[in-house]
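Right, one structure below, let's go through it.
Computed from the coordinates by the stated procedures, all read-outs in this text should not be read as laboratory data. Just so you know, these numbers come straight off a predicted model, no measurement behind them. A quick note on method: Cβ atoms are made from the backbone with ideal geometry, for glycine too, and the neighbour counts reach across all protein chains shown.
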Amino acid sequence: MSEEKKTIKISPIKKGTVIDHIREGQSLKVMKILGLTETVVKDVVSIAMNVESSVGKKDIVKVENREIGSDELDKISLISPETTINIIRDYTVVQKKRVQLPERIKGIVKCKNRNCISNQREPIEPEFKVMSGEPVNIKCIYCEREMKEEEISENIV
Amino acid sequence: MKLKSEFSKEHVVSIKDFSVDEIEHVLDVARTMEPVAKGRKTSDILRGKILANLFFEPSTRTMLSFEAAMKRLGGDTIGFASADVSSSKKGETLADTITVCSSYADIVVLRHPQEGAARLASKFSSKPVLNAGDGAGQHPTQTLLDLYTIRKEKGEISGNKIGIAGDLKYGRTVHSLTHALSMYDTEMTFIAPQPLQMPKEILGRLSRDGIKYDQQQNIDEAVEDLDVLYVTRIQRERFPNEEEYLKVADSYNVNMKTLEDVDDGLIIMHPLPRVDEISAEVDDTDHSRYFEQAANGIPVRMALLSLLLEVEL
């Protein structure tokens, strides 16, 4: 707890989700993956970027009044596998876990191959099979092209 | 005998979807098709069946070979040979074209300029889809006929030293073939000028899987103790200027001098069309197999059509 107090620059929340240990500079992409950049989102969202921590700099995103589901949060692991999720109720962490890479990724990333059929005007969502977790490597189920972490990050839809 | 019992595929999209047992089964069935493929026997096991050849880019040879394979087995074909005559020109999605055309036929053969097109087609088609090449992606029937040729000529695929020459960096044929051969116990030698060598990811995968391979720059030096030499075209457009291309193209010519010290049993293969990679004088030697290889496309495609359409032999 004392470590938290030293590093977190924004106040604790009463209820909601704290997404911690996001890779430095990736918080805006995390918000995009979670759909938090949409104008329909009315919850209070706070972001802290480049926060000092015991293992270097990190980003933090806090979403008040909303407990975001695991499936949705696991998508973050594509660009920031060390991220941890804290579910808060009444200022207390009731659940803490690290994001886990799902086996399949659908609709969050587009294929880096411009000539892939998934990048054309077709009634499908881009879809990838996760080949490995560390380092992250995914493969387009259509053109079979593989993508590494930095390529994934550049191609978030 | 229901052929399907040993072949569980609904579609043929990528060679990477095949296990060794499935490949061997296709090659076994292809062997039984040889007399019909050569016109020595007739068959009507596909009578009443219609194949739709949907060729969104021209590939006359592949299209004709599917047509011949279907007709040799008593079936019929419909289709188009270029995107100009299809509804894609009017803006129709591939998904819609496939949905409609698969309701007109019993099996769909697709050639398309975009990678992954056949996988998409397999999701929308109500009938089996056979990938006849999608952009720089997959062309599984080519790989299967390559394997069939090696097995037919050498007895088996494992145990051979196989040299693969040409544009190894961009060539889809050689990437698929390398993947397929890596499932067997073969020794591979990749012969190409440094800028056109096999991509690092593919070499890395081979190393991780414990596959033996070697890299050479000069075809004359590499060929000596090979059992199979697989030659592919070096494309002019990969080079910054004509001079650079000619320098490399010259050293990648297989001619009588190349064959001076080779093993008697060496066979030379090429997916065709060839340009300057193999001199015409090599055609008449005991080593050339590229025309037989092209002819082998018929029994292999006949086997796939029969397996996908679940007919009895």
### Query
Across the residues of B:120-126, average count of Cβ atoms on other protein chains within 10 Å?
3
### Message
Can you compute the charge dipole magnitude of chain A about its Cα centre, using +1 on each Lys and Arg Cβ and -1 on each Asp and Glu Cβ, nothing else charged? Give it in debye, rounded to the nearest 20.
### Response
240
### Task
Evaluate the distance, in nm, between pseudo-label points positioned 7 Å from the Cα of B:GLU237 and of A:LYS14 along their respective Cα→Cβ axes.
6.4
### Query
Ranked by Cβ crowding within 10 angstrom, fewest neighbours first, how are B:GLU243, B:GLU201 ordered?
B:GLU243, B:GLU201
### Query
Just how large is the dipole of the protein assembly as shown about the Cα centre, in debye to the nearest 20, putting +1 at every Lys and Arg Cβ and -1 at every Asp and Glu Cβ?
2360
### For segment B:264-295 and segment B:214-229, distance of Cα centres in Å
16
### Task
Could you work out, residue by residue across A:34-44, how many beta carbons of other chains sit within 10 Å of that residue's beta carbon, and then give the average as an integer?
0
### Summary
Along principal axes, largest first, the alpha-carbon spread of segment B:169-215 in whole Å comes out as 27, 18, 16
### Summary
Computed on Cα atoms, the radius of gyration and Dmax of segment A:2-98 in angstrom are 12.3, 36
### Message
Using Cβ contacts closer than 10 Å as the measure, can you line up B:MET188, A:MET49 from fewest to most?
### Response
A:MET49, B:MET188
### Task
Sticking to Cα atoms, compute the Rg of segment B:141-294 to one decimal and its Dmax as the biggest Cα-Cα distance, whole number, in Å.
14.4, 43
### Net dipole in debye of chain B [+1 Lys, Arg Cβ; -1 Asp, Glu Cβ; about Cα centre; nearest 20]
1500
### Task
Sort B:SER122, B:SER158, B:SER306, A:SER80 so the one with the fewest other Cβ atoms within 10 Å of its own Cβ comes first.
B:SER158, B:SER122, A:SER80, B:SER306
### Query
Using the eigenvalues of the Cα gyration tensor, what equivalent ellipsoid semi-axes result for chain B when each is taken as the square root of five times the eigenvalue, whole Å, largest first?
33, 23, 18
### Query
Scattering from the C-alpha atoms of segment A:104-154 alone, worked out with Debye: what is log10 I(q)/I(0) at q = 0.16, 0.20 1/Å?
-0.38, -0.59
### Task
Could you work out, residue by residue across B:94-100, how many beta carbons of other chains sit within 10 Å of that residue's beta carbon, and then give the average as an integer?
2
### Message
Among A:89-95, B:264-270, B:36-42, how do they line up by average Cβ neighbours within 10 Å per residue, starting with the highest?
### Response
B:264-270, B:36-42, A:89-95
### Simple spin-label estimate for B:VAL85 and A:GLU125 in nanometres, 7 Å along Cα-Cβ
3.9
## Note on the structure
Answer check: the protein assembly as shown, Cα atoms, Kirkwood Rh, Rg/Rh ratio of 1.07
### Cβ-Cβ FRET estimate between A:GLU67 and B:ASP284, R0 fixed at 56 Å, reported to 0.05
0.15
### Query
Any idea what % of Cα-Cα pairs in segment A:31-157 are farther than 20 Å?
50
## Note on the structure
The farthest towards the positive end of the charge dipole of chain B, of the residues B:GLN197, B:LEU46, B:GLY297, given +1 on Cβ of Lys and Arg and -1 on Cβ of Asp and Glu, is B:LEU46
### Query
What is the Cα centroid distance between segment B:47-90 and segment A:13-33, reported in whole angstrom?
52
### Query
Which helices count as membrane-span-like in chain B under these terms: full DSSP H, at least 15 Å along the axis by C-alpha, Kyte-Doolittle mean of -0.5 or more?
B:20-37, B:60-72, B:297-308
### Task
For an R0 of 30 angstrom, estimate the FRET efficiency from the Cβ-Cβ distance between B:GLU22 and B:THR42 and round to the nearest 0.05.
0.60
### Query
Based on the Cβ-Cβ distance of A:SER54 and B:SER207, what FRET efficiency does E = 1/(1 + (r/R0)^6) give at R0 = 45 Å, to the nearest 0.05?
0.75
